[in-house]
2 protein chains.
Amino acid sequence: MIEIQACLICPFKSTAAKVLSDDELTLMGDNCAQATFKKGNTIFKQGIFSSNIVYLKEGIVQMHIEGPTNEQIIKIAKGPTYLGIPTTLDEKYNRYSATALSEVHACFINISTFKTFVQENGQFAYEIILDLCKNEVNLFNKCVNRVQKHIRGRVAEAILFFSHEIFDSNSFDLPLTRSEFGNFVASTRETISRIMTELHTEKIILLKGKHITILDNKRLHLISRSG
Amino acid sequence: MIEIQACLICPFKSTAAKVLSDDELTLMGDNCAQATFKKGNTIFKQGIFSSNIVYLKEGIVQMHIEGPTNEQIIKIAKGPTYLGIPTTLDEKYNRYSATALSEVHACFINISTFKTFVQENGQFAYEIILDLCKNEVNLFNKCVNRVQKHIRGRVAEAILFFSHEIFDSNSFDLPLTRSEFGNFVASTRETISRIMTELHTEKIILLKGKHITILDNKRLHLISRSG
DNA sequence: TTACAAACGTAATTTATATCACATTTTTAA
DNA sequence: TTAAAAATGTGATATAAATTACGTTTGTAA
């Protein structure tokens, strides 16, 4: 289901898009298509040619990349946010894939239109740069945590990530299977299972299948920090 | 040793700076100071307030960040390249540190001057964005490799990195101690020692203290890929 | 409703790599 | 030049977490 979008009146505008003029937003609307994806659908795929910047209006998405041995989840993001700036601007073809983890509404902005805005609207360019900078610093920290924390700490960190960054709630349905969660925190299904039940037994979280309720925020933070 | 720099005639201009007009380059020169650092010197430090974009003209630099348990090297870069865009633009204070691994010549560009160029010269902004995008994609790949490769593969990868990305030669002096190298590939001094002598014994590299000569490029690539 | 597959839990075992311990070499400074 | 400190090499041991194995639950299609 693809439809032309009226960016001008879009309630999900990015910080960058908010600085665009009405004329520019109209132009963007003429060069942008929206699509809806169900959970599990591929939004874009590594290795495929792409000529769009993907903007995630609503929904949760996992970004994943082919590693030396298997596919690896590198990031989970929630809209509104840009999804594919690095993958598109730098190269002709996508350097990673994006898959919906919930119902997703995404806009595909023509890359040359986007480029025009960068080159002709300095404030827009600046906001895009800020966004990329934030991503880089976050990624640095994530890398260090993956290297230095033990799995228990990484699991705690991931649970807090879903709670704070994705669902804004201490009670939520995990949008991943145990295997996927294991992959996300660089571990395995079995280890995740073990640690989850540990945290449940210790009354730090309440676990009911995929539903997680954080019972002891303080201790969970402690585990996340101490690794 | 700090001196005002004539950016206009600088032979180390970044791809982005090459699109600046003569007037802009003169303005940059007026708002930019150069400094020289010896190996081991701190170029900027995490947590410290910063109002400059750091441009590495010449030299090798390690970027490192405080992790949950210890300081972690997140990146090693060679000039010419920007060093501190994410760390400076996003936040008032540095989110990571940079330390010289060789004699380094670096320029400290006033952040509001830099911001002016981003906002008033679209091509400049676009080149900066391209640069940030490349960094992000590279970082994605590095993360996956760290997670999925065994140490032997990560050591091989790091040796090839120094050979191809830093020294453009198959024979070079490692600018890191074994401990630092261990940290760089998320391992330890002892393990690095062991693997290095292994690779030496297998005649894949020639090892003489810190000097490395790659003897069997093909097998080293194989080890790097297979992990 | 049954049947089949996918997801999940858990215990036993294995393994890669960290840690420990100590000897040797190299570098630095006095 | 000598002494102290830092860096390095290497074997033995410990350990976190993967792998293996198998039983159970949940979801889904016929």
- [ ] Would you be able to tell me the number of residues in region B:163-174 that are surrounded by 20 or more Cβ atoms within 10 Å (Cβ to Cβ) and either within 18 Å of B:Ile74 (Cβ to Cβ) or within 13 Å of DNA strand C (Cβ to nearest atom) (or both)?
- [x] 1
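Among strands (runs of 3 or more DSSP E) lying entirely in region B:64-162, which contain 3 or more residues that are within 16 Å of DNA strand C (Cβ to nearest atom) and either basic (Lys, Arg) or not assigned by TED's automatic domain parsing to the domain that holds B:Gly182 (or both)?
In region B:64-162, B:71-78 are the strands (runs of 3 or more DSSP E) which contain 3 or more residues that are within 16 Å of DNA strand C (Cβ to nearest atom) and either basic (Lys, Arg) or not assigned by TED's automatic domain parsing to the domain that holds B:Gly182 (or both).
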Open item on the list: Could you go through region A:182-193 and let me know if any residue there is without any contact (Cβ under 8 Å) to a residue 40 or more places away in the chain, touching a strand residue (DSSP E or B) at 6+ places or on another chain (Cβ under 7 Å) and not in a helix (DSSP H, G or I).
Closed with: no
Open item on the list: Looking at region A:150-169, can you tell me whether even one residue there is in contact (Cβ under 8 Å) with a residue 12 or more places away in the chain, in contact with a Lys or Arg (Cβ under 8 Å, 6 or more places away or on another chain) and of a type in the set (A, V, I, L, M)?
Closed with: yes
Open item on the list: Going residue by residue through region A:170-186, is there one that turns out to be touching a helix residue (DSSP H, G or I) at 6+ places or on another chain (Cβ under 8 Å) and of a type in the set (D, E, K, R)?
Closed with: yes
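Mind counting the residues in region B:170-181 that are within 11 Å of DNA strand D (Cβ to nearest atom) and without any contact (Cβ under 8 Å) to a residue 60 or more places away in the chain? Steps first, please.
Of all residues in region B:170-181, those within 11 Å of DNA strand D (Cβ to nearest atom) come to B:173-181.
Narrowing further to those that are without any contact (Cβ under 8 Å) to a residue 60 or more places away in the chain: B:173-174, B:177-179, B:181.
Count: 6.
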Open item on the list: among the acidic types (Asp, Glu) and within 14 Å of chain B (Cβ to nearest Cβ): which single residue out of A:Glu66, A:Glu58 fits that description?
Closed with: A:Glu66
Open item on the list: Of all residues being surrounded by fewer than 20 Cβ atoms within 10 Å (Cβ to Cβ) and within 22 Å of B:Leu83 (Cβ to Cβ) in region B:140-157, which is nearest to DNA strand D (Cβ to nearest atom)? Just the residue, please.
Closed with: B:Arg146
Open item on the list: Within region A:69-90, take every residue that is under 12 Å from A:Ile43 (Cβ atoms) and more than 8 Å from chain B (Cβ to nearest Cβ) and give me the one that is farthest from the chain's Cα centre (by Cα).
Closed with: A:Gly84
- [ ] Taking the options A:Tyr93, A:Tyr126, name whichever one is within 14 Å of chain B (Cβ to nearest Cβ) and surrounded by fewer than 17 Cβ atoms within 10 Å (Cβ to Cβ).
- [x] A:Tyr93
Task: B:Ile48 being under 19 Å from B:Ile85 (Cβ atoms) and within 14 Å of the chain's Cα centre (by Cα) - done: no
Task: Among (1) among the β-branched types (Val, Ile, Thr); (2) farther than 30 Å from B:Cys32 by Cα; (3) away from chain A (no Cβ under 14 Å), the one test that B:Val185 misses - done: (3)
Task: Residue satisfying all of: in region A:205-227; among the basic types (Lys, Arg) and more than 12 Å from DNA strand D (Cβ to nearest atom); nearest to the other protein chains (Cβ to nearest Cβ) among these - done: A:Arg225
- [ ] Determine which member of the set B:Glu190, B:Glu202 is more than 12 Å from DNA strand C (Cβ to nearest atom), of a type outside the set (Phe, Trp, Tyr) and more than 14 Å from chain A (Cβ to nearest Cβ).
- [x] B:Glu202
Task: Filtered residues of region A:165-181 (kept if among the polar types (S, T, N, Q) and assigned to a helix (DSSP H, G or I)) - done: A:Ser179
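The values are calculated or read from the model by the stated rules, or taken from the named source; none is laboratory data. Nothing here was measured: the structure is a model prediction, and the numbers come from that model. When we count neighbours, we look across all protein chains shown, and the Cβ atoms used for this are built from the backbone with ideal geometry, even at glycine.
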